[in-house]
Amino acid sequence: MRTIRVSGGTPLRGEVRIAGAKNAALKMMAAALLTEEEVLLSNVPRISDVKVMSGLLQTLNVQAEWCGPHTLRIFAGDLRPARFGIEVAAKIRASFLVLAPLLARCGTASVPNPGGDRIGHRPVDRLVEGLRGFGVNLEYDEAYYNAECPRLAGCEYTFIKNSHTGTEHQLLAAVLAEGRSVIHNAAQEPEVDDLIAMLNSMGARISRPAPRTLVIEGVQRLYGTHHTVMPDRIEAGTFATIAAATDGDIFLDGANPVHMAPLLEKLREAGVGVETSTEGVRVRRDGDLTAVNVTTRPHPGFMTDWQAPFVVLLTQARGESVVHETIFPNRLGYTDQLNEMGADIELFNPAPPEWGYNWNEADDLPTYRHAARIRGCTPLTARDLVIPDLRAGATLIIAALCADGTSHISGVHWVERGYEHFIDRLRLLGGQIEESFPAEVPA
Ligand code: EPU
């Protein structure tokens, strides 16, 4: 397992180019299956999730290969509805999004349940229910969803609760369906709009007449396109937090301040200096930090993926902050390791927000806690840390960059799922990080 040694205490300064958004690129790779023509995607991040998705598409007889440093060429001229392994599906939730394109093009599909991960049970019930509306005959058998539909029929569907990927899957089914489809309570995440822009450039007819309503007029066929993936607002938020937490000063080249607005607002409220321009966002520490309260929400609220890095920042803020996670039922587990480093974080269950939690009630276990009370500021001390998942991984690395001493961190492969050359880029900003390989076991 890849391990790194991080020596904390150095402010990170300089400029970092923000990569393309993982959570847009993966869906666009699935969308490319909707046409027999070539699709080029630019600004695709070189991360392991994209590699997994490319491998999955190849199983479906699709060509998916790099034709430039960040340009992927996808050609699904002879798409086949082959089954792929459960172990592949378990690696990335976006694997499930090939279901609708396979149905639209081949009339049949057999796709594994993508499973959950360490942030709580992540069912696909909303995606499955949404698909049935198109007239799809769908059954679940031994971890596979087997679906059939000679021609998808346009439909109206209302999401009871927000679903980012669910909205995207519904769109992928609707674009080639016969007639009109309407999605009520549709997600508003910028990645959804970027997918819509790509689909419309392929000949789809999608409009958003109201913020949470999408109308899709089905078309007979879609064409090839060349689309540039939007900048990753999660990555940009991670680097913004690194600048503030390490007492540094970083220019986020290419970051979109509009997509980051809820985070930038909270950074300013905490006393962090933020400047925005058409080229990007500059974030720098401007003296002492003050406590702030944060509640995660679907877009245009404070993103759940910014929550964990922001908690590290709040350990360095004076006063008591409360962070309430409302999207995933179990996304505060990493705080145990922060407490071992010297943080003072107490988990508890507050009254749910008036708009309700985004997970299904049945997926909330009695052991889960949904809010953190952070008392600061507390110096952090280096520790041996184990990365449990992607966003918590970046978070523990930020904590180690702030800590006194050298931390040994294992499980770095998790971070490579979503951040391109993360460690190298931190080093370029002045982060003191070395690779440490496990000692060889004598034969
Ligand atoms: N949910 C259900 N049933 C469903 C769909 C969702 O119970 O059928 C629950 C989820 O378990 C979660 C909540 O509803 O508790 C919201 O889920 P949503 O569908 O909105 O999120 P997602 O599509 O699973 C995507 C990103 C996440 C990101 C969230 C929020 C991808 C592949 N994943 O998840 O990204 O945090 O939206 O914007 O796009 C990450 O990149 O590390 C990551 C977790």
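Quick notes on this structure:
- Residues that are of a type outside the set (D, E, K, R), out of contact with any strand residue (DSSP E or B) (no Cβ under 6 Å at 6 or more places or on another chain) and within 16 Å of the ligand (Cβ to nearest atom) within region 66-94 comprise Val88, Ala90, Ile92, Ala94, listed in sequence order.
- When Thr296, Thr278 are screened for being open to solvent by 60 Å² or more (accessible area, probe 1.4 Å), out of contact with any Gly (no Cβ under 9 Å at 6 or more places or on another chain) and either farther than 23 Å from Ala400 by Cβ or within 16 Å of the ligand (Cβ to nearest atom) (or both), only Thr278 passes.
- Selection status of Ser181, among the polar types (S, T, N, Q), touching a His at 6+ places or on another chain (Cβ under 8 Å), surrounded by 15 or more Cβ atoms within 10 Å (Cβ to Cβ) and without any contact (Cβ under 8 Å) to a residue 60 or more places away in the chain: no
- Close pairs from region 13-29: first within 19 Å of Leu401 (Cβ to Cβ) and more than 15 Å from the ligand (Cβ to nearest atom), partner β-branched (Val, Ile, Thr) and open to solvent by less than 10 Å² (accessible area, probe 1.4 Å), Cβ under 7 Å, at least 6 apart: Arg13/Ile250; Gly14/Ile250; Val16/Ile250
- Some residue of region 380-387 being part of a strand (DSSP E or B), assigned by TED's automatic domain parsing to the domain that holds Leu252, open to solvent by 70 Å² or more (accessible area, probe 1.4 Å) and free of Cβ contacts under 8 Å to residues at least 40 places away in the same chain: yes
- From the list Arg417, Arg391, the one residue that fits, being within 14 Å of the ligand (Cβ to nearest atom), within 16 Å of Ala245 (Cβ to Cβ) and either among the β-branched types (Val, Ile, Thr) or in contact with an Asp or Glu (Cβ under 8 Å, 6 or more places away or on another chain) (or both), is Arg391.
- Gly166 vs. criteria within 30 Å of Gly301 (Cβ to Cβ), within 19 Å of the chain's Cα centre (by Cα) and of a type in the set (Gly, Ala, Ser): yes
- Gly116 at pLDDT below 95, within 16 Å of the ligand (Cβ to nearest atom), at positive phi and outside the structural domain of Pro329 (by TED's automatic domain parsing): no
The values are calculated or read from the model by the stated rules, or taken from the named source; none is laboratory data. These numbers were taken from a predicted model, which means no experiment stands behind them. Please note: Cβ atoms are built from the backbone with ideal geometry, for glycine as well, and neighbour counts cover all protein chains shown. With ligands, DNA and RNA removed, areas are computed over all heavy atoms of the protein, side chains included. Shrake-Rupley method; radii C 1.70, N 1.55, O 1.52, S 1.80 Å.
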